[in-house]
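Q: Just passing along the structure, written as structure tokens.
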Amino acid sequence: MLLFERQERARTIERRRMLSENACADNEELVAELSGVLLYKNGKVVRQTNCLYPNVDANACFVDGVASKDVVLNVEKNIWVRIYLPQPTAVRSLQSSEMKAGISGKMPILVFFHGGAFVMFSAATSIFDSSCRRWASELGAMVISVGYRLAPENRLPTAFDDAYFAIKWLQEQATSNTPEEWLNLHADFSSCFMMGVSSGACIAHQAALRSCRSDLSPMQIRGIILVVPFFGGTVRTSSELTYAHNDILTLHDSDTAWILSLPPGATRDHHYCNPLGPNSPDLKRFDLPPYLLIIGGKDPLHDRQMTFVEALRNSGKHVELLRYEDRGHFTPFPETDLIVFMERCLSRKESHGLAANASKETLDF
């Protein structure tokens, strides 16, 4: 087991012991707790400081070849993004001619949604900041990491709403009279990708479905990248039972995350949680761009992820799968996986204007 997994489990055990004692002392009934996020029956939410993954500041000047800055999209709703700009001289040689080809040498855009079970972390969290910096450098792409509102204070679909708000904001930058400077100078809006990790992958999928109902031109979404997508359901799968206690994502923590994030009274078969549930929209109705799924063979959610892959394929969608047999829900992967997929998407002749063949039927998002 990885060192940080052992540390996190030890912290979780001690934290739950202390929380139980505190709840009794305060005479408040604790409904759910996940990694220091506490929800009480009276609606009170307490957030404890997560020292293991602190927030880090953006750096407007280039550090190790990448600069970053925060841009607030909506002050009232606290929706913001952190933009990462790679320095052209620092972009690694892995980038092919397809990746380098763009409008006047401008860079592809990777819109990223961080993980954290919908209730933790932000675009400034160190583990996601370092990943975005690495991807910007390796891919030679501008990375836009979205800071969305968290549950349980803001239950789903708030995170999905915020993600789509960021997508529409990005579209507006392409034609704005006063665009964001870095995007105006360096971004190729016709070569956009969306990517998410864990719950962020769930957000990326929902953002893709929503984007199908809109004309995003001149912005074009070329591909969707889902890394260990955080899906659920009421009926247990074989991988959930097999790896329920053997992964950094335990089955208990997964269930707790949905208790904290789903609308009140919703079950895990709600389509926010189960993309193939009884009330989920039919994937055949959506003109989706190519998908790439990166998953671990020992992830408790492995079976759900594989079923989702098959559903995409059975719906006539282009989907690629990278499966790392010996890895769990935490699945680091080489940047070459992203580069190869993005190259293929950019080399495809057809344009993926997501609204082209979308059903006009109103969907309950």
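Q: Distance between the C-alpha centers of region 232-310 and region 123-177? Whole Å please.
A: Between the Cα centre of region 232-310 and that of region 123-177, the gap is 22 Å.
Q: Per 0.36 nm of contour for each residue apart, how much would the distance between Asn246 and Ser214 grow if the chain were fully extended, relative to their Cα-Cα spacing?
A: Roughly 7.3 nm would be gained on extension.
Q: What's the magnitude of the charge dipole for region 53-347 around its Cα centre, counting Lys and Arg as +1 and Asp and Glu as -1 at the beta-carbon? Answer in Debye, nearest 20.
A: Taking the Cα centre of region 53-347 as origin, the dipole is about 400 debye.
Q: Going by amide H atoms built from the backbone, whose H comes under 5 Å of the H on Tyr291, apart from near neighbours?
A: Ile224, His318, Val319, Glu320
Q: To continue, here is another question. Spelling out what I want: for every residue of region 267-279, take phi, set θ = phi - 60°, compute 6.51 cos²θ - 1.76 cosθ + 1.60 (Karplus), and round to whole Hz; glycine and proline get x.
A: My calculation for region 267-279 gives 9, 6, 8, 4, 5, 5, 9, 10, x, 10, x, x, 10 Hz in order.
Q: With only Lys, Arg, Asp and Glu charged, each at its Cβ (+1 for the first two, -1 for the last two), find how big the charge dipole of region 233-307 is about the Cα centre; round to the nearest 20 debye.
A: Dipole magnitude for region 233-307 comes out near 140 debye.
Q: Percent of Cα-Cα pairs per 5 Å bin, from 0 to the last occupied bin, for region 188-315, please list those.
A: All Cα pairs considered, the percentages come to 2, 10, 20, 24, 19, 13, 7, 4, 1, 0.
Q: Check each of the GluC sites (Glu not before Pro) in region 235-335 and keep only those in coil by DSSP with at most 16 other C-beta atoms within 10 angstrom; list them in order.
A: Answer by residue number: Glu325.
Q: While we're on this one: When DSSP assigns beta bridges and you keep just the ones with both residues in region 53-347, what percent turn out antiparallel, to the nearest 5?
A: In region 53-347, approximately 35 percent of DSSP beta bridges are antiparallel ones.
None of the figures in this text is laboratory data; all of them are computed from the coordinates on show. None of the values given here were measured: they were computed from a predicted structure. Ideal geometry is used to build each Cβ from the backbone, glycine not excepted, and the neighbour counts take in all protein chains shown.
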